[in-house]
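A short write-up of the structure that comes next.
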Amino acid sequence: MSMPHRMVRRLEKAEALDRVAGPVSKAVQRLIGPRLVRNLLSGTNLGHPLHPPLTDVAVGAWTCSTLLDAVGGPAAEPAADMLVGAGVLAAVPTALTGLNDWADTLGAERRVGLVHAMANTTALSLYGASMAMRARGDRRAGRALGLAGFAVLSAGAYLGGHLSFVMGVNVNRTAWQQGPQDWTPVLGEDELPDSEHRTVDVDGVPIMLYRAEQRVYALEATCTHMGGPLDKGTIADGCVTCPWHGSTFRLADGGIVRGPASTPEPCFETRVHDGRIEVRVPPAGAPPRKAEGAHAGSGERMGRAARRRLARIS
């Protein structure tokens, strides 16, 4: 195990960080509570989290400014200064989206994320000071502060990579689960009363079945956001809400009504055949299939009701 990796493993176990991380996380959760804020910062309408692409802007600008400071000479000074300023501006929304994602973490992930945020905040402060020195004409101090900022930024970026690629923070928790490709019986029709749900295991994939108005809905029971037990959540107005972080999905198609989820929930086709409820993954390119006995337009009406309900509570 490399030295950086050993250091991060120690960070994961540093429970003393919880005394700071806990209160800060609660404060962030209060600030990002409104639905529009949560959806925007989470990248709910983007299709994946918003934080990663924003980091490329700030890191890219500051990396280029460091390169120009090192080898660009006097002719490159205006461009280097512009890139420092661009990085500072880009770092603000980047930090906000990062705090939004971090607020949902616990334990080791929260501890590493806290140090990641502290490193990036320090880098932002150093680059802000560098920008001020450059504006005053003190290029030597500006370059030195920028170089220090780049060193701290590199450490923060390493921790960010560890969070994403080693700890799997904010990745789609259903990405490698496929479900049945052919119609597969999973439950007796009489075992699923109206307005109730059941969870079944099909080829290692947990699937939540819910019956309403003679229609059977089927969603994967693992929340795409952080792997929460969707089948333990609240079902109302044609939607299911994850009990962990409040991500809300439409039962009809798995679409997201409220973040922090940014990936729709996998949805399965259903039918009743010989008294058994069967499910399958929708064939590629096939239009959504209505379950047997479904009332025309019921899913659409339920989706509208869910949006009205969420508008009232947001």
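Return the only residue of Ala175, Ala129 being assigned to a helix (DSSP H, G or I) and not charged (D, E, K, R).
That would be Ala129, the only listed residue that is assigned to a helix (DSSP H, G or I) and not charged (D, E, K, R).
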Just one listed residue, out of Arg110, Arg30, Arg38, Arg9, is out of contact with any Leu (no Cβ under 7 Å at 6 or more places or on another chain), crowded, with 18+ Cβ neighbours inside 10 Å and either modelled with pLDDT under 95 or not in a helix (DSSP H, G or I) (or both), and it is Arg38
Contact list, first residue from the range 49-71 and hydroxyl-bearing (Ser, Thr, Tyr) and at pLDDT 95 or above, second anywhere and open to solvent by 50 Å² or more (accessible area, probe 1.4 Å) and part of a helix (DSSP H, G or I), beta-carbon distance below 8 Å, six or more apart or interchain, is Thr55/Ala157; Thr63/Phe150; Thr66/Leu147; Thr66/Phe150
By residue number, the members of the range 237-270 that are assigned to a strand (DSSP E or B), open to solvent by 10 Å² or more (accessible area, probe 1.4 Å) and over 16 Å from Pro206 (Cα atoms) are Thr241, Arg250, Ile256, Val257, Arg258
Cβ pairs under 7 Å, 6+ apart or interchain, first in the range 11-30 and over 18 Å from Gly160 (Cβ atoms), second small (Gly, Ala, Ser), ordered by first then second residue, are Gln29/Ala103
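Yes/no per residue for (1) touching a residue at least 60 places away in the same chain (Cβ under 8 Å); (2) more than 30 Å from His116 (Cα to Cα); (3) assigned to a loop (DSSP other than H, G, I, E, B):
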residue	(1), (2), (3)
Pro180	yes, yes, yes
Ile235	no, yes, no
Val272	yes, yes, no
Glu278	yes, yes, no
Among Thr184, Thr122, Thr94, the single one that is in contact with a helix residue (DSSP H, G or I) (Cβ under 6 Å, 6 or more places away or on another chain), surrounded by fewer than 22 Cβ atoms within 10 Å (Cβ to Cβ) and among the hydroxyl-bearing types (Ser, Thr, Tyr) is Thr122
Inside the range 233-254, the number of residues satisfying the requirement of being over 15 Å from the mean Cα position of the chain (by Cα) and of a type outside the set (A, V, I, L, M, F, W, C) is 9
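The values are calculated or read from the model by the stated rules, or taken from the named source; none is laboratory data. Because the structure is a prediction, the values reported are computed rather than measured. Please note: Cβ atoms are built from the backbone with ideal geometry, for glycine as well, and neighbour counts cover all protein chains shown. Only protein heavy atoms, including side chains, enter the accessible area calculation; ligands, DNA and RNA are left aside. Shrake-Rupley method; radii C 1.70, N 1.55, O 1.52, S 1.80 Å.
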